[in-house]
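The values are calculated or read from the model by the stated rules, or taken from the named source; none is laboratory data. Bear in mind the structure is a predicted one, so any value in this text is a computation, not a measurement. A quick note on method: Cβ atoms are made from the backbone with ideal geometry, for glycine too, and the neighbour counts reach across all protein chains shown.
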Amino acid sequence: MPQHTIKTPVADYTGTVAGVRFTAGRGETGDENAVAYFQRQGYTVTPVEDDIEPDEHPADDPPVDTAPVDETAVDASPAADGAKRTNRRTPAK
């Protein structure tokens, strides 16, 4: 259902008309019957543009997951100094 922004003829109007809540002369609705009513009554009706999908990133912003990855090798062998490795979840005995 397409959304529309509605501007009242009275710029600072706050209230409800045709089931649409207005604050400072502006409201939004997706109700096509209300949109038709506002157009007939001389309200300014503007479609809201939904061009950007939530999964898309604007061209100016790089995607979040492109941060550099630390590719340092991890030594999987036991500690070089002979110390016993302990599980970090349980305290050492």
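Here are a few things to note about the model shown:
- Residue in the stretch 1-30 that is surrounded by the fewest Cβ atoms within 10 Å (Cβ to Cβ), counting only those that are in a loop (DSSP other than H, G, I, E, B) and touching a residue at least 24 places away in the same chain (Cβ under 8 Å): MET1
For every residue, the table says whether it meets (1) out of contact with any His (no Cβ under 9 Å at 6 or more places or on another chain); (2) modelled with pLDDT of 95 or more.
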residue: THR5; (1), (2): yes, yes
residue: GLU28; (1), (2): no, yes
residue: ASP50; (1), (2): yes, no
residue: PRO58; (1), (2): yes, no
residue: ASP61; (1), (2): yes, no
residue: ASP65; (1), (2): yes, no
residue: VAL69; (1), (2): yes, no
